[in-house]
Amino acid sequence: MYWNLDKVIVAQNEALPIDWKKVFRHERMLVEIGFGNGEFLEFLAKNDPEALVVGIEVSQLCAAKGARRAMYAGLENVRIMHGDARFLLRHCFAPQSADRVYMNFPCPWPKTRHAQRRVTVPSFCGLMERLIAPGGAFELATDVEWYAREAAESFDAAPSFKIETLEKNPLRPYLTKYERKWKAMGKDTWRLVARREGPAFKESECEGDWPMEYEADAKKSAAELAGALKGREGRAADGSGHWVFRDAFVSDDGAALLLVITADEGFEQHFYIKLLESPRGITVKVDSVGHPFRTPSMRAALMAALDAAK
Ligand SMILES: C[S@@+](CC[C@H](N)C(=O)[O-])C[C@H]1O[C@@H](n2cnc3c(N)ncnc32)[C@H](O)[C@@H]1O
């Protein structure tokens with residue numbers, strides 16, 4: 001079957017963040033985080049053909065399944081994104097652009113070391129505050145009572161949200177795969193709806209759009225610098241993330257590449273930092289191939305390379 005991919009994939013050179021409703025000319029935008037097999041996405045898209053429905057999945061297999069489902073159902077108003085929703089939502093979506101964000105049966109991450117991945121952390125409320133337009137809502141369905149209650153407490157503490165619903169065993173218009181599974185096992189489920197109230201989000205509250213390239217008056221060559229940096233590691237400025245210079249490569253013309261691995265709240269990236277000799281000294285820049293996201297750990301790694309060059 002032929003499928004026009006332009007309908008699902010956003011052009012690579014589209015400026016970020018994307019104003020989805022404007023680009024795809026829809027009145028409303030609904031977002032589903034972690035859509036699994038994509039059946040709820042299909043339900044939303046059929047139920048509200050005027051809305052653009054954007055699904056985000058970290059699993060490549062599920063992303064492919066969702067895309068195939070949208071294709072076979074002939075849905076024109078579905079877009080699929082593959083990646084970690086916490087980063088894609090922050091970097092690829094214009095502020096105040098979503099009307100409703102759904103999260104159905106996320107993993108509750110019960111272990112303490114994974115707690116940062118829960119939707120109950122304050123940074124998630126901040127992300128939703130940026131993304132959802134006043135009047136819109138965040139909706140969570142879960143089979144874990146403490147998770148629903150923690151999420152409710154977290155949204156309740158955010159001045160821009162008001163808890164509208166926290167109900168046990170809700171009657172939902174569509175039961176997802178996991179919901180059917182838990183129901184078949186006789187488990188209770190919970191539904192939380194947090195309404196986004198004013199004030200409107202101010203762009204200045206966004207994460208900084210800091211440069212990915214710097215120049216330093218270096219005394220070392222790029223090759224010496226790369227050798228000195230290889231194996232070094234550290235944490236992000238706020239102590240949350242971790243970075244390591246895993247390997248270093250030097251070309252015949254003296255340019256060097258550092259292979260960097262970063263992890264921010266469980267979000268891992270592999271990318272290169274280039275060390276290029278320039279008339280002034282050394283240019284230290286994040287290689288844009290692979291389009292890595294600006295994260296606190298990337299910034300810390302870049303600053304460590306820059307400091308070492310000085
Ligand atoms: C338990 S399944 C639920 C699937 C579906 N929503 C349902 O109710 O049947 C959780 C889904 O969330 C996805 N997921 C987990 N963390 C994610 C993240 N940070 N960004 C996007 N998707 C994520 C997983 O890959 C998985 O498909």
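The values are calculated or read from the model by the stated rules, or taken from the named source; none is laboratory data. Predicted, not measured: the structure shown is a model, and the values here were computed from it. Reconstructed Cβ throughout: ideal geometry from the backbone, glycine too, with neighbour counts over all protein chains shown.
Points to keep in mind about this one:
- Residues of region 226-248 classified as surrounded by 13 or more Cβ atoms within 10 Å (Cβ to Cβ), more than 23 Å from Phe293 (Cβ to Cβ) and not aliphatic (A, V, I, L, M), total: 2
- Among the residues of region 45-76, those that are under 21 Å from the mean Cα position of the chain (by Cα) and more than 11 Å from the ligand (Cβ to nearest atom) comprise Leu52, Val53, Val54, Ala64, Ala67.
- So Trp182, is it within 16 Å of the ligand (Cβ to nearest atom), in contact with a Pro (Cβ under 8 Å, 6 or more places away or on another chain) and of a type outside the set (Lys, Arg): no
- Residues (farther than 18 Å from Leu127 by Cβ and more than 15 Å from the ligand (Cβ to nearest atom)) located in region 140-179: Glu145, Trp146, Arg149, Glu164, Thr165, Leu166, Glu167, Lys168, Asn169, Leu171
- Qualifying residue in region 38-45 (condition: among the small types (Gly, Ala, Ser), assigned by TED's automatic domain parsing to the domain that holds Pro199 and surrounded by fewer than 18 Cβ atoms within 10 Å (Cβ to Cβ)): no
- Members of region 44-61 that are in contact with a strand residue (DSSP E or B) (Cβ under 9 Å, 6 or more places away or on another chain) and not in a strand (DSSP E or B): Leu44, Ala45, Asp48, Glu50, Val58, Ser59, Gln60
- Apart from one condition, Gly231 fits all of (1) part of a loop (DSSP other than H, G, I, E, B); (2) at pLDDT 90 or above; (3) assigned by TED's automatic domain parsing to the domain that holds Thr142; the exception is (3).
- Residue in region 85-106 that is modelled with the lowest pLDDT, counting only those that are in contact with an Asp or Glu (Cβ under 9 Å, 6 or more places away or on another chain) and within 9 Å of the ligand (Cβ to nearest atom): Phe87
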